[in-house]
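S.K.: Starting off with a structure, shown below.
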Amino acid sequence: MRYSLRCFECKEEIEDQRAYTCENCGGLLEVVLDLSSVEAERVFDERSPSVWKYKELLPVDREPITLQEGGTPLYRCRSLEERLGINELYVKHEGMNPTGSFKDRGMTVGVTKALEFQAKGVICASTGNTSASLAVYASRASLPAYVLLPSGKVALGKIAQALMHGAKVICIKGNFDDSLRIVREISKNPDFYLLNSINPFRLEGQKTIAFEIYDQMKGIPDAVVVPVGNAGNISAIFKGFLELRELGVIEEVPRMIGVQAEGASPIADAFEKRETEIEPVERPETIATAIRIGSPVNAKKALNAIYRSKGYALKVSDDEITEAQKDLARVEGIGVEPASASSLAGLKKALEIGVVERDEKVVCVTTGHLLKDPEEVLVVCGTPLEVEADVRAVLRAMELEN
Ligand code: F0G
């Protein structure tokens, strides 16, 4: 695959393949693929979906570090369709990836690039999932991994993964935005390859969500609803759809709808004013700790995706998030962590305000698995009952006997 790096903002070509931002203007970078020699029919063939099914569309020149990521289920949700009064609703459950989140799609590419660049170690800031995924792929690549987390604000399942897979886990007395600022500084040293979503190669892996949606639906939906934190994923999925259009596989791209939590909503706020730049939120707060981010690094890319696709950005409350989480779990059997449920909560709102019409076909992306955040479950569902070890007591607890 022939490709180059380009500044997303000033469009300058970037020589240094390991750069994270543009030397001239400080802008975000993007990978530009030469799609002229790609045979789309060969790529989108009968092989079952997975990230590396689309290797012809990925900027990688060596054997990948892989755990068979991608190929996640796309569930038709008929019960929720009925409840919400929408024609066709699908959930793309990214929690079914090897480490339980969509980050694996990016890490399989990103850690493979780290080896290609002969980095001595990999590093990231994280609200949890990125650190878990980085730890796992780094262990498979025999690279040391260093992860910075906001102390006390990362779900237990994610910390457990990062620890068990051998990353050096450092909790800082600050939030995610502080953590990212610090790792960006540290990764000026070329020994450390930075694998946050500012890394343009990581987003290449994540764009395969768009390819899979197309493959699994044999077409595209009217809208794709995505939880937004650091804003890499919505940008990556949009890029995937743009490439499908460039290849002539699809004619139009779906509307990209980004959803943020009310306490951490700089992108939804910017969209409300139809601006292209965000005003950072100083002290972000939400039960959806994965998207507890006040200054999303990919904000410009995400807003571009939203405006260019004629999409929308909105925010939902913590109560709306937990209600949607329960709906997915109890009505459809789909277990997701709070941040993931914001996509369904966002869709409900989008239907109410007419941003999505009831006769449309929509995909909600659920980004992480329920088991990531068991502590939140106990908060919103309560702890289990404990009774004496006898039949009467249990029947009483079952509310079958007084
Ligand atoms: N959903 C989950 C479960 C996440 O972990 C994240 C991001 C997002 C949504 C938002 O994706 O940042 O691309 O807009 N988690 C990052 C992390 C920040 O460190 O794990 P985004």
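The values are calculated or read from the model by the stated rules, or taken from the named source; none is laboratory data. Every value quoted in this text rests on a predicted model; they were computed, and no experiment measured them. In this analysis, Cβ positions are derived from the backbone assuming ideal geometry, glycine residues included, and neighbour counts consider all displayed protein chains. Heavy atoms of the whole protein, side chains included, go into the accessibility calculation; ligands, DNA and RNA do not. Shrake-Rupley method; radii C 1.70, N 1.55, O 1.52, S 1.80 Å.
S.K.: Using 7 Å Cα-to-Cβ label points, what is the THR383/GLU262 separation (nm, one decimal)?
M.R.: Modelled inter-label distance: 2.9 nm.
S.K.: For the chain, which whole-number percentage of the solvent-accessible area (1.4 Å probe, protein heavy atoms only) is attributable to carbon and sulfur atoms?
M.R.: 47 percent
S.K.: Quick one: what does P(r) look like for the range 17-159 with 5 Å bins over all Cα pairs, in whole %?
M.R.: Final binned percentages: 2, 8, 14, 15, 18, 16, 13, 8, 4, 2, 0.
S.K.: Helix 176-186 against the longest principal axis of the chain: what's the angle in degrees, Cα atoms only, rounded to the nearest 10?
M.R.: The two axes meet at around 30 degrees.
S.K.: Using the per-residue mean of other Cβ atoms lying within 10 Å as a proxy for protection, in what order, highest first, do the peptides 278-284, 50-56, 390-396 fall?
M.R.: 50-56, 278-284, 390-396
S.K.: Something else: Show me the trypsin sites (Lys or Arg not before Pro) within the range 156-228 that DSSP assigns to loop and that have at most 13 other Cβ atoms within 10 Å of their Cβ.
M.R.: LYS173, LYS188, LYS218
S.K.: Also, quick follow-up: Could you give the size of the charge dipole of the chain about its Cα centre, using +1 on the Cβ of each K and R and -1 on the Cβ of each D and E, expressed in debye and rounded to the nearest 20?
M.R.: With only Lys, Arg, Asp and Glu charged at Cβ, the dipole is about 700 debye.
S.K.: Return the percentage of antiparallel bridges among DSSP beta bridges fully within the chain, rounded to the nearest 5 %.
M.R.: Looking only at bridges with both residues in the chain, the antiparallel portion is about 30 percent.
S.K.: Per q in 0.13 1/Å, what log10 I(q)/I(0) does a Debye calculation on the alpha-carbon atoms of the range 319-395 return?
M.R.: For the range 319-395 at q = 0.13 Å⁻¹, log10 I(q)/I(0) is -0.50.
S.K.: Mind telling me which of ALA341, ALA125, ALA270 comes out most flexible in a GNM of the chain, alpha-carbon contacts under 10 Å?
M.R.: Per the Cα network of the chain with a 10 Å cutoff, ALA270 tops the list.
S.K.: What translational diffusion coefficient, in µm²/s and rounded to a whole number, does the Stokes-Einstein relation yield for the chain at 25 °C and a viscosity of 0.890 mPa s, taking the hydrodynamic radius as the Kirkwood radius over Cα pairs?
M.R.: D = 115 µm²/s.
S.K.: So, counting K/R as plus one and D/E as minus one, what does the shell of residues with Cβ under 12 Å around LEU244 add up to?
M.R.: Summing Lys and Arg as +1 and Asp and Glu as -1 gives -3.
S.K.: Related question: Give the angle, between 0 and 90 degrees and rounded to the nearest 10, that separates the Cα long axis of helix 232-246 from the longest principal axis of the Cα atoms of the chain.
M.R.: 60 degrees
S.K.: Moving on to the next point. Grab the DSSP H runs of the chain that are 4 residues or longer, score each as -39,500 (n - 2.57), total them, divide by all residues and round the 222 nm result to the nearest 500 deg cm²/dmol.
M.R.: The per-residue figure over the chain is -11000 deg cm²/dmol.
S.K.: Related question: At 1.4 Å probe size, with every protein chain present, just tell me what the per residue accessible area of the chain comes to in Å².
M.R.: In whole numbers, the chain has 43 Å² accessible per residue.
S.K.: Which value in nm describes the separation of the simple spin-label points at GLU401 and GLU185, placed 7 Å from the Cα toward the beta carbon?
M.R.: My value for the distance between the label points is 6.5 nm.
S.K.: Within the range 244-301, list the trypsin sites (Lys or Arg not before Pro) lying in a DSSP loop whose Cβ has at most 10 other Cβ atoms in a 10 Å radius.
M.R.: Loop-located and lightly packed - LYS273, ARG274.
S.K.: Continuing with this model, one more query. Among the lysines, which fall within straight-line cross-link reach of LYS168, defined as a Cα-Cα distance under 16 Å, with same-chain neighbours fewer than 8 residues apart omitted?
M.R.: LYS168 reaches LYS120, LYS158.
S.K.: Compute the relative contact order of the chain as a whole-number percentage, counting only Cα pairs closer than 8 Å that sit 6 or more residues apart in sequence.
M.R.: 17 percent
S.K.: Got the relative contact order for the range 171-235 handy, in percent, Cα pairs under 8 Å and 6 or more residues apart?
M.R.: With pairs under 8 Å counted, the relative contact order is 23 percent.
S.K.: Of LYS315/LYS372; LYS218/LYS300; LYS11/LYS92; LYS153/LYS207; LYS173/LYS239; LYS273/LYS300, which pairs sit farther than 26 Å apart, going by alpha carbon to alpha carbon?
M.R.: Checking Cα-Cα distances, LYS218/LYS300; LYS11/LYS92; LYS153/LYS207; LYS173/LYS239 exceed 26 Å.
S.K.: Please report the relative contact order for the range 24-79, taking Cα pairs under 8 Å with a sequence separation of at least 6, and give it as a percent rounded to a whole number.
M.R.: Relative contact order here is 33 percent.
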